[in-house]
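For reference, the structure discussed in these notes is given below.
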Amino acid sequence: MSSSAETVANIEELIKQILIWVPALSLIRFKCVSKQWLSLISDPEFRRCHTLRNPNSKISAFFSRKIQDESFRSILLGNHEIPPGWNPFKTLNNSDSVPDESKLRILQSCNGLFLCHIPRSGLETKNHPVYVVNPTTNQFRALSFPVVRHSSYSLFVRYALAFDPSISPHYKVVCVNNFPFYYNGGKHKIDIYSSKTGEWKHLDTPFFPSPSDEGRHHHFMNRAMHFDCRSREGAIYCNGAVHWIRNRGEASLPFYSFPDGKFIRKETDVLHYFDIGQERFLVASATPPVPRVAKNFPLKVSGFGSKNPAEWPLLTQRYFGECGGCLYLIEIYQHCNTQFEVMEMETDYSGWFVKYHVDLNPIVAALPGRDWNAFVVLCLSGEEETSQEIDDKVEDSSTDLLLHMPGKVISYNLRNKTFKTSIELANKELYLTLGDNHCCDNHCLPEDIIFPYMETLACL
């Protein structure tokens, strides 16, 4: 190799080593610098290296689950790299591969990638039921059906996306099917798509019945144990597994009048999860504690001496997500929506426990005139803080709760119980609502899922 060729090669390697540290959205703009930069940034090998080198991008935006006015509604968290009116799904919307983009829905977001689908009615089928989307690069991949999906006996399907750029630049999509006779046969049908191979892999995994269901017809089994009672949208990837929580219709609080009159949780309430590495479908006890607000409900005594609630707790909002390698659950009730608990799942999946008690009333007092029936829980955000103690650096974890209301994003520190306005939105009317009422699994309830977005150059 001549000295001039070596110089050019060395310069290209230097540019690569510099650009690999640049945020993904900036690199998309830098494609316009030169043909050399365009070729380098577009190279799949460079994108894979960039993905592995930048696995922990901060959340840049949040999206609602459905299209409105030809775009998913979103709020941006002050990232100046994102232009006004940004529509990262425009390539998907303009593609002939998407038969009806106006019906496109987000199922899940996972470390910068999105899993989308078009809802189907009855046994209607389409060539490409799900799409993996990278909003940063405006690219998508339409996934073909797993073989098992062609069966006319399929009652439901749940999808989940697993993508961990700190481990691999590749992702997997998990598809769980259920059939009536599987309750008797003791199997679920699971298919796993790997972006590395571009193929589906099929598994048969055990069905988890409740002990009290032995000998019963599947129509009369305990619904809290059934996987088809898992939420269709908002699966969560955490610690090498994808997790499904019960749907809203199964989240009620039964009330026992005797002897003392109190609300309870269903002991058979479970959380299903699929371990990606072990390829095992598992179930965990996930009976959350009875919320404090339900314990404080006023009771009235009936003519027969039994105690009953004067009003019933109505679940108005629910958050299920991940932060710092832990699963979190928040349930907010209409009776007192400014006071609630943040629950954390034990690392061994032995159950939920109350991590934080939240009281937003000081914020309500500090921000008069706001409609506190309209706030939305966006996410939990954890950052490490460094303090100086006797010349030793001590790292501590600080967790913030991000709340959204028209015109604002508020950050509430769960440890210090302090708050600040994190973002003043330019569009004061912009608001990510909790969704529309639609029937899902025979329960007509609002879907309150907001999907976080972060930058990634991951290849699809």
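Quick look at the values:
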| item | result |
| --- | --- |
| Ser302 - accessible surface, heavy atoms, 1.4 Å probe, Å² rounded to 10 | 40 Å² |
| Leu40, Leu27, reordered so the largest accessible area comes first (probe 1.4 Å) | Leu40, Leu27 |
| Lys103 versus His357: modelled label distance in nm, points set 7 Å from Cα along the beta carbon direction | 4.8 nm |
| Ranking by accessible area, most exposed first, for Ser168, Ser411 with a 1.4 Å probe | Ser168, Ser411 |
| Which listed pairs, of Lys58/Lys201; Lys16/Lys172; Lys295/Lys355, have C-alpha distances above 21 Å, in listed order | Lys58/Lys201; Lys16/Lys172 |
| Linear extension gain, Ala366 paired with Glu311, 0.36 nm per residue minus alpha-carbon span | 16.9 nm |
| Accessible-area value, Glu13, 1.4 Å probe, nucleic acids and ligands omitted, Å² | 90 Å² |
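The values are calculated or read from the model by the stated rules, or taken from the named source; none is laboratory data. Bear in mind the structure is a predicted one, so any value in this text is a computation, not a measurement. So basically every Cβ, Gly included, is an ideal-geometry build from the backbone, and we count neighbours across all protein chains shown. Just so you know, the surface numbers come from the protein's heavy atoms only, side chains and all, with ligands and any DNA or RNA stripped out. Shrake-Rupley method; radii C 1.70, N 1.55, O 1.52, S 1.80 Å.
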